[in-house]
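Below: the structure, in structure tokens.
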Amino acid sequence: MVDEKLIEKKIKSMFKGADYEVKSEGKSLKVSLEGIGEDPVQLFEKIGDLVSGLNKITGTKNADVIVSLQGMAYGVEIEVY
């Protein structure tokens, strides 16, 4: 079982002011993020770091990532399995 509180703490520190949701099902983990005001380059770097960390925590190697950008707003869906 994955410690969702640990993941939530990491997300809070990386994505200030973002709304998020974390769901775990066995080794599969889903993370949803929505926020405003991230530079696209920094946003993608943070997403890459988060996915890498999630894969290490869960012991998985596969990830699906969907990123939506509209102006200064962003939405991110991550599933590692």
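Counting Lys and Arg as +1 and Asp and Glu as -1, what is the net charge of the other residues whose Cβ lies under 9 Å from the Cβ of Val65?
Numbers: positive: none; negative: Asp64, Glu77, Glu79.
Spelling it out: positives minus negatives among the neighbours equals -3.
Once the convex hull of all Cα atoms in the chain is built, its volume per residue stands at 74 Å³. Rounded to the nearest percent, how much of the accessible area of segment 18-81 (1.4 Å probe, protein heavy atoms only) is carbon and sulfur? Answer for segment 18-81 is 50 percent, counting heavy atoms of protein chains only.
Taking every DSSP helix (H) stretch of at least 4 residues in the chain, weighting each as -39,500 (n - 2.57) and dividing the sum by the residue count yields a mean residue ellipticity at 222 nm of -12000 deg cm²/dmol.
If the chain linking Asp39 and Tyr81 were pulled fully straight, counting 0.36 nm for each residue of separation and taking away their Cα-Cα distance, it would gain 12.3 nm. Given +1 at the Cβ of Lys and Arg, -1 at the Cβ of Asp and Glu and no other charges, the dipole of the chain around its Cα centre is 320 debye to the nearest 20.
The values are calculated or read from the model by the stated rules, or taken from the named source; none is laboratory data. If you're wondering where the values come from, they're calculated on a predicted model, not measured in any experiment. Every residue, glycine among them, receives a Cβ derived from its backbone with ideal geometry; neighbour counts consider all protein chains shown. Just so you know, the surface numbers come from the protein's heavy atoms only, side chains and all, with ligands and any DNA or RNA stripped out. Shrake-Rupley method; radii C 1.70, N 1.55, O 1.52, S 1.80 Å.
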